[in-house]
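Let me begin by presenting the structure, written as structure tokens, before commenting on it.
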Amino acid sequence: MTSKRKLHLNINIDTIENLVAELESIQSFSGGPKMHFNTAGERTLKLLSERGIKSNSKTLDIGCGCLRIGIKLINYLDPGNYFGIEPNKPMLDTGIKHLLSDSLRELKTPSFSYNDRFSVEDFKIKSFDCVVARSIWTHAPKTQIALMLDLFKESSTQNAKFFTSVLKKNPYPDYLGTTWVGRSHESVREGVVHHNMKWIREQCNARSMRVRKIRDAELNFGNQVWLEIQKNETQASC
């Protein structure tokens, strides 16, 4: 059963300050401004709940980082339904240390993987109802985006939804590089990239999927806009 209490988990400022300080000490980062730490998770959870994602939906969080969004999802989802992938092990471990109490971890039993291949091999299940990749396509090359779309096609239920984000405004040319741009487990340099929506639609069409921008200002935040991707009805009914 979903309740207002279950939807709401506010991380206090002292916890955020301590988390950010430790992340900076290991040359890592929280994923966004401290002042928006709670907002990121709250807006994402609001998006998912309004788009039909239930507490019993098996949810894959790609690039879960220090659990800025993940901790809200873990709190909302039923036990065993949260799965996070993050190749930056020190970043994720620091987030777990500061945000995921032993009691909550024991209650919710989230699963984590440190792989950098967008693989779900480490998890006990192979089919997800929801996939989230916040602020991942704004750094990833097209080859990695294609891998994520393949993962969604092959490892999701018929009515699953994939939520990812792109830049609201596009001051950059279409990114044609082959490497990740921005801070990661391999780099401390900042940066973002833009991918043309025509190319994104073509990639989705090629996999019998459709994509739409979610323009609701109450759901979007920062300089990014959410995309919602689903399998075509013809494929879902097969």
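Worth a mention:
- Listed residues 86, 233, 218 arranged by accessible area, highest first, probe 1.4 Å: 233, 218, 86
- Extension gain from residue 169 to residue 199, taking 0.36 nm per residue of separation minus the Cα-Cα distance: 9.2 nm
- Normalised per residue, the accessible area of the chain is 49 Å², obtained with a 1.4 Å probe and no contribution from ligands, DNA or RNA.
- Distance between the pseudo-spin-label points of residue 215 and residue 154 (7 Å out from Cα toward the beta carbon): 3.6 nm.
- Highest-MSF residue in the chain out of 130, 64, 204 [GNM, Cα springs under 10 Å]: 204
- Kirkwood Rh in Å, taken over the chain so that all alpha-carbon pairs contribute: 18.0
- If the segment from residue 15 to residue 117 were pulled out straight at 0.36 nm per residue, it would be longer than the present Cα-Cα gap by 33.6 nm.
- Ordering 152, 80, 95 by Cα displacement along the dipole of the chain toward the positive end leaves 152 in first place; charges were set at the Cβ atoms of Lys, Arg (+1) and Asp, Glu (-1).
- Cβ-Cβ distance of residue 22 and residue 51, R₀ of 22 Å, FRET efficiency by 1/(1 + (r/R0)^6): the value works out to about 0.05.
- Fraction of accessible area attributable to carbon and sulfur, region 3-127 (%, probe 1.4 Å): 49
- At an R0 of 45 angstrom, the distance between the Cβ atoms of residue 190 and residue 106 translates into a FRET efficiency of 0.80.
- GNM top mover of 176, 60, 45 - the chain, alpha-carbon springs below 10 Å: 176
- Between 65, 84, 32, the Gaussian network model of the chain with springs among Cα atoms under 10 angstrom shows the greatest mean-square fluctuation at 32.
- Flagged links, alpha-carbon separation over 20 Å, of 89/231; 198/231; 169/231: 89/231; 169/231
- FRET efficiency for residue 78 and residue 233, using Cβ-Cβ distance with R0 set to 25 Å, rounded to 0.05: 0.35
- Aspartates and glutamates whose Cα lies under 20 Å from that of residue 46, excluding same-chain neighbours fewer than 8 positions away: 61, 78, 129, 216, 218, 228
- Alpha-carbon centroids, region 121-170 and region 21-74: separation in whole Å: 15
- Rounded, prolate or oblate (a/c below 1.5 giving rounded, otherwise prolate when a/b exceeds b/c) for region 1-122 by Cα gyration tensor: oblate
- Cα centre as origin, Lys/Arg/Asp/Glu Cβ charges: the chain dipole, Debye: 800
- Legend: residues 54, 108, 97, 124, sorted from most to least accessible area (1.4 Å probe; ligands, DNA and RNA excluded), read 124, 97, 54, 108.
- Our summary gives the chain a relative contact order of 17 percent, counting only alpha carbon pairs under 8 angstrom and 6 or more residues apart.
The values are calculated or read from the model by the stated rules, or taken from the named source; none is laboratory data. The shown structure was predicted, so the numbers you read here are calculated from the model rather than taken from an experiment. Glycine also receives a Cβ, built like all others from the backbone with ideal geometry; neighbour counts cover every protein chain displayed. Quick note on the areas: whole protein, heavy atoms, side chains included, nothing else; ligands and nucleic acids left out. Shrake-Rupley method; radii C 1.70, N 1.55, O 1.52, S 1.80 Å.
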